[in-house]
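Peer 1: Let me begin by handing over the structure; questions about it come next.
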Amino acid sequence: MLSSEIPDIPLIDQAALRLLDGGLVAFPTETVYGLGADAENPTAIRRIYEAKQRPAGHPLIVHLPPGADLSWWVGTVPPAAQALVEAFWPGPLTLILPRADHIPPAVSGGQPTIGLRCPSHPVAQALLTRFAALKPQGQGGVAAPSANKFGHVSPTHAAHVRSEFPELDDSELMVLDGGASTVGIESTIVDVSDRAGKPAILRPGHVRPEQIAEVLGVMPDWGNKASPQVSGSLKAHYAPRTPLRLAPTEQLPALIDRLLLQYDQSRIAALVFRPPGADEDPDSLPGLSGRIRRGSVDYYLCAHNADDYARQLYGVLRDLDDKGYATLVVERPPNTPSWQAVTDRLGRAAAAFEA
Ligand code: TXA
Ligand code: MG
């Protein structure tokens, strides 16, 4: 375990007390950093919406410590949910379930359902465990969307969180540092709230549909008309500030030529699997840290493995944002199941810049 992943107990205690007090605490998870508040405190929930500038009505995911009693949150737990919990928790899977009557609706944006997830990051687990222990009945959950402004790239480092909320000082937002998020993109969301219906994936992620099908014996559907309020289901989301274009390999050269004209030879960044026309051994080329300059275009080589790509993606988008390019061009990943979640995020990032 990296030193940053080892919970600092006095800090965790302080953070748990902040949450109990209605304050905001950003914390690391294996997917992305979350902006946390007491899930059962509507005033604290309102602070999350204000900080994120998130439209009301977008439900939040409630994070639970390992071994939490789900029935506190959902009443009766359907067998499908129990099976998914046993297979994938702690881990990057969020379950949408009917919300128990005594849980304030604010956390769900007023919807009758609730999103639940148990993260695997040790710092998150320590915080969640401590927080629940402080609650009168030993049951507590931390509502946490990704710790970024609405629509922007999710944070995968503590420093990203700080840069998202320069207006909040330490007394308004405590940030726990747990190193880099290892998954790097948000959790898979599966809706198992409809007992009669099939499970439905609302957002692809590290846990893939086939893995869910293996546990449930049925392939989940995509999307769910009953849950329109998923920001991950908005066409435009997860976007950097610099305009991003996504193009299949064969269309890259023409797109870059067109953009060079459009931006009058300003610098362009291209995130590609192979540099154009390169016969070099890819291993001898610089990775993301380096770049290959061809005229006005800087080519950055991305990971060939979907898990590595996902881990690096948001950090790379932030770095490229900082470098001040006129536009970013991203080579579309292969159309295979393992790339589905990454391609989903890239597609939504690109959609933010489509007319
Ligand atoms: O990996 C993750 O899920 C991260 C980390 C921090 O856990 N969290 C995250 O939260 O991505 P957020 O709010 O950025 O995205 C959560 C998504 C939203 O699109 C929200 O609409 C959906 O989950 N969601 C939450 N509760 C829901 C519900 N009851 N019904 C439908 N969608 C729900
Ligand atoms: Mg988000």
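Peer 1: For the chain, go through all pairs of different Cα atoms, get the mean of 1/r, take its inverse, and jot down that Kirkwood value in Å.
Peer 2: Value: 21.0 Å, from the Cα pair sum.
Peer 1: Please report Rg (one decimal) and Dmax (integer) in Å for the Cα set of region 1-158.
Peer 2: 14.4, 41
Peer 1: Which FRET efficiency, nearest 0.05, do residue 163 and residue 195 yield, Cβ-Cβ r, R0 56 Å?
Peer 2: Given R0 = 56 Å and the Cβ-Cβ separation, E is 0.85.
Peer 1: How far apart, in nm, are the 7 Å Cα→Cβ label points at residue 218 and residue 20?
Peer 2: A separation of 4.3 nm, rounded to one decimal place.
Peer 1: Still on this structure: Report the Cα-based extents of region 18-111 along its three principal axes, largest first, to the nearest Å.
Peer 2: 36, 30, 24
Peer 1: What number of lysine-lysine pairs in the chain show an alpha-carbon separation below 28 angstrom, given a sequence spacing of 8 or more or placement on distinct chains?
Peer 2: The result is 12.
Peer 1: Also: Add +1 for every Lys or Arg and -1 for every Asp or Glu among the other residues with Cβ under 15 Å from the Cβ of residue 11, and state the total.
Peer 2: Here the count lands on -3.
Bear in mind these aren't lab numbers, they're just calculated from the coordinates by the rules spelled out. This one's a predicted model, so the numbers in the text were calculated from it and none came from an experiment. Here Cβ is always computed from backbone atoms with ideal geometry, including for glycine, and neighbour counts include all displayed protein chains.
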